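Worksheet: one structure, shown below.
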2 protein chains.
Amino acid sequence: MLQSLEIELTSNKKQQPAADQLGFGNHFTDHMFIMDYSTDNGWHKPRIQPYQPIVLDPAAKVFHYGQTIFEGLKAYKTDDGRVLLFRPHKNIQRMNRSNERLSVPELNVDVVIEALKQLISVDKDWIPTAPSTSLYIRPFIIATQPQLGVAPSTHYQFIIIMSPVGAYYTEGVNPVKIFVESEYVRSVKGGVGEAKTAGNYAAGLKAQEIAKEKGYSQVLWLDGVHRKYIEEVGSMNVFFKLKGVVHTPALNGSILDGVTRNSIIQLLKHWNIEVIERPITIEELYKASQNGELEEAFGTGTAAVISPIGELNWQDDVLIINDGKTGELSKKLYDTLTGIQMGKLEDPLGWMVEATPVNV
Amino acid sequence: MLQSLEIELTSNKKQQPAADQLGFGNHFTDHMFIMDYSTDNGWHKPRIQPYQPIVLDPAAKVFHYGQTIFEGLKAYKTDDGRVLLFRPHKNIQRMNRSNERLSVPELNVDVVIEALKQLISVDKDWIPTAPSTSLYIRPFIIATQPQLGVAPSTHYQFIIIMSPVGAYYTEGVNPVKIFVESEYVRSVKGGVGEAKTAGNYAAGLKAQEIAKEKGYSQVLWLDGVHRKYIEEVGSMNVFFKLKGVVHTPALNGSILDGVTRNSIIQLLKHWNIEVIERPITIEELYKASQNGELEEAFGTGTAAVISPIGELNWQDDVLIINDGKTGELSKKLYDTLTGIQMGKLEDPLGWMVEATPVNV
């Protein structure tokens, strides 16, 4: 399909922001990728065009019934000028699992990866190189059929936009304070918690705002049925080091199958550190802490990579982890993962995919 | 605020569809209402303009994090030429409750109602008059800030579009067949099930598709915790008549507080028919059916008004209700409610609001 890729280059390049002014998701590159879908023609008309507004009928289903899927991944520029993508197939494969849950048509993974490489090639000058920076890539799908019946859309757009980013949390890799949420629920088995779809994030905003007012960066979500099993932290997966062994909630249908989560598990196993995926209760965690067995805690996600947790507040019972400092393992995982991603360290598990610009 | 309402009329009126070609949500009137929000200026710049595409940055938060709220209500034209709205304040008040849950800024209810009346006034020729037709009104809010951090948007648009509609179900007021969903879940306490937000509808599409393949119109949703309490049917509230008494699931945080639901309860009480809001299990319903106590079942919602249920399938155990025919009470409720809405019957509970066109 990509043999028919149309490329329209901008005649009006934007000024790029300074490396220390990036923030997260504020600035966008000069171009974007778009591809259309209709029931009759499938995915068609792949094109790279200048970054520009999307024009939709007010009745487009995305505004009313929420059929929208997204992904997030990053590209890095190495010291020797190569461009690397971190496990991009995992993201697009997950996008297809999200699509399946939300009745959105399947993508051809290879076509999307090739489109992404082409887009990066066009905007290669936008990849920042300062420490902790990268090019954040946001593929997403929206339902565009202008019709108000509650039924899957007949038309969609698949779009990729890209943003040069710095650290996701203003704290950087310093520990964050987390509020354990007891009232609101992110998702439940049988729902869409495993899918990367907009509704999951909208549902979490209120709890996040309340936590922020109390001085906490994010919430820790408990399961919707028993209200005791740990699910995620903010929009990240979560890990705990207990007596030298790393534990993380098992994938249960309501937890996102994170690419960083999967990579941390693989890396730990590669290092012969035991890692166990299982249901973990919040009560167990507090007891472990009292017994001095809770050594480290951290969130994992594409945006922040590793985010150490220094404090938990569960119903006003405050738990300090590792004296509120970044743990040794958390730091080692962060340094190793970002080192591999930036091409500074060996890539023992074959994660990085070269997207070195071709001539377009 | 509406003193500053700007009205731009179209110079290119569309051809209106024939009454028997309407369907639901396929055609839109000549104009729309828009109002902007920013953190700095609040809701501002109310305007009526020709129906036209919405232009959004690809990073607009509505596409990524799902902050979107909608409502649905109807306008009717009476035989003597008046225009009536059915309980419009209830819808906009509910919109504010949804807004609160999704961290979307509050609307001024009176301003919205006035805007709606003005919009109807401009497009008054679009209100259909054939039996079972009406003008469906879709107010909605979308988050427009172009920023990829997971946080409430700083900018929104509030929009009203309108669609002349016929019956929502092709079955009309004839009984529908319903599949009791055991795998997928619509919502759970602590989630956003009580809010009218896009994500709830996207989450339900897959179950609906599977039910359709099996020959059922809609699914009946069970609760996400115990998987036994009845919540909603499709995107409607649900009622059961058991031994002359009407029962409906109590509002519990995961069920939509339907305007039609509320009206049915009021109407039944007005008729001195007992109606009980309480938790109802699917098992109880099957037992009642076996004992000959389940007399009628019906869904209620703005789109379909009353939708009789003729058959339930719960794990392949098929339950036929009232011989698969529309029940006497269901019919009476439909006739009374639509009679009041169309201005053909007295309005004993003071529901109808005149939106008779003023000169614009």
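Every number in this text was worked out from the coordinates using simple rules, so none of it is lab data. Since the structure is predicted, the reported quantities are computational estimates derived from the model, not experimental observations. A quick note on method: Cβ atoms are made from the backbone with ideal geometry, for glycine too, and the neighbour counts reach across all protein chains shown.
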Legend entry - Enclosed volume per residue, in Å³, of the convex hull spanned by Cα atoms of segment B:160-243: 143
Inset, instruction - Could you please state, rounded to a whole Å, how far the C-alpha centre of segment B:67-84 is from the C-alpha centre of segment A:106-164? - result: 39
Inset, instruction - With runs of 4+ DSSP H residues as the only contributors, calculate the mean residue ellipticity of chain B at 222 nm using -39,500 (n - 2.57) per run, divided by the residue total and rounded to the nearest 500. - result: -7000 deg cm²/dmol
Legend entry - Local net charge near A:Gly42, Cβ-Cβ under 12 Å (Lys/Arg +1, Asp/Glu -1): -2
Legend entry - Pseudo-label separations to other copies for A:Val353 - Cα-to-Cβ vector, 7 Å, nm: 5.2
Inset, instruction - Would you please give the FRET efficiency between A:Asn262 and A:Lys344, computed as 1/(1 + (r/R0)^6) with r the Cβ-Cβ distance and R0 = 25 Å, to the nearest 0.05? - result: 0.70
Inset, instruction - Could you work out how far apart the two model spin labels at A:Gln21 and A:Glu213 are, taking each label as a point 7 Å from the Cα in the direction of the beta carbon, and quote it in nm? - result: 3.5
Legend entry - Using a 7 Å Cα-to-Cβ projection, B:Asn262 label spacings across copies, nm, ascending: 4.6
Inset, instruction - Calculate how steeply helix B:109-122 sits against the longest principal axis of the alpha-carbon atoms of chain B, using the helix alpha-carbon long axis, and give the answer as 0 to 90 degrees to the nearest 10. - result: 80
Legend entry - Partners for A:Lys45 among lysines (Cα-Cα distance below 20 Å; same-chain residues under 8 apart left out): A:Lys117
Inset, instruction - Note the angle between two axes, namely the Cα long axis of helix B:328-341 and the longest principal axis of the Cα atoms of chain B, as a number of degrees from 0 to 90, rounded to the nearest 10. - result: 10
Legend entry - For segment A:21-29, Karplus couplings with θ = phi - 60° (6.51, -1.76, 1.60), whole Hz, Gly/Pro x: 10, 5, x, 10, x, 9, 10, 10, 6
Legend entry - segment B:298-357 versus segment A:165-207: alpha-carbon centroid distance in Å: 40
Inset, instruction - Using θ = phi - 60° and the Karplus relation 6.51 cos²θ - 1.76 cosθ + 1.60, list the HN-Hα couplings for segment B:249-261 in order, rounded to whole Hz, with x at every Gly or Pro. - result: x, 5, 5, 10, x, 10, 9, 6, 7, x, 5, 5, 3
Inset, instruction - Compute the relative contact order of segment A:4-120 as a whole-number percentage, counting only Cα pairs closer than 8 Å that sit 6 or more residues apart in sequence. - result: 21
Inset, instruction - May I ask for the net charge around B:Asn313, where only other residues with Cβ less than 12 Å from the Cβ of B:Asn313 are counted and Lys, Arg are +1 while Asp, Glu are -1? - result: -2
Inset, instruction - Give the Rg (one decimal place) followed by the Dmax (whole number) of segment B:176-326, computed from C-alpha coordinates and expressed in Å. - result: 14.3, 41
Legend entry - For chain B, diffusion coefficient by Stokes-Einstein and Kirkwood Rh (Cα), 4 °C, 1.567 mPa s, µm²/s: 61
Inset, instruction - Report, by chain and number, residues whose modeled amide H sits under 5 Å from the one on B:Asn237, excluding near sequence neighbours (fewer than 5 apart, same chain). - result: B:Thr300
Inset, instruction - With r as the distance between the Cβ atoms of A:Lys287 and B:Ser11 and R0 = 60 Å, compute the FRET efficiency 1/(1 + (r/R0)^6) and round to 0.05. - result: 0.25
Inset, instruction - Would you kindly derive the ³J(HN,Hα) couplings of segment A:278-286 from the backbone phi angles with the Karplus curve 6.51 cos²θ - 1.76 cosθ + 1.60 (θ = phi - 60°), listing them in order in whole Hz, with x for Gly and Pro? - result: 6, x, 10, 8, 5, 5, 4, 5, 5
Inset, instruction - Can you tell me the FRET efficiency between B:Glu100 and B:Arg47 if r is taken as the Cβ-Cβ distance and R0 is 25 Å, rounded to the nearest 0.05? - result: 0.45
Legend entry - Cα convex hull volume per residue for segment B:239-289 (Å³): 69
Legend entry - Placed amide H near B:His155: partners under 5 Å, 5+ positions off or other chain: B:Thr144, B:Gln145
Inset, instruction - Ignore the peptide's own chain and count Cβ atoms of other chains within 10 Å of each Cβ in A:95-103; give me the average, rounded. - result: 2
Inset, instruction - Sort the following peptides by mean Cβ neighbour count (other Cβ atoms within 10 Å, averaged over residues), highest first: A:294-306, B:224-236. - result: A:294-306, B:224-236
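If Lys and Arg each add +1 and Asp and Glu each add -1, what is the summed charge of the other residues whose beta carbon sits under 11 Å from the beta carbon of B:Val259?
Numbers: positive: B:Lys74, B:Arg87, B:Lys90, B:Arg94, B:Lys196, B:Arg261; negative: B:Glu71, B:Asp257.
Overall, the nearby charge balance is +4.
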Legend entry - Crossing angle, helix B:88-101 versus chain B [Cα axis fit, 0-90 degrees, rounded to tens]: 90
Inset, instruction - Apply the Debye scattering formula to the protein assembly as shown, with a single equal point scatterer on each alpha-carbon and no solvent, then give log10 I(q)/I(0) at q = 0.07, 0.08, 0.09 Å⁻¹. - result: -0.51, -0.67, -0.83
Legend entry - Per the axis that maps chain A onto chain B, nearest residue of A (Cβ criterion) and its distance in Å: A:Gly199, 1
Legend entry - Pseudo-label separations to other copies for A:Glu6 - Cα-to-Cβ vector, 7 Å, nm: 3.3
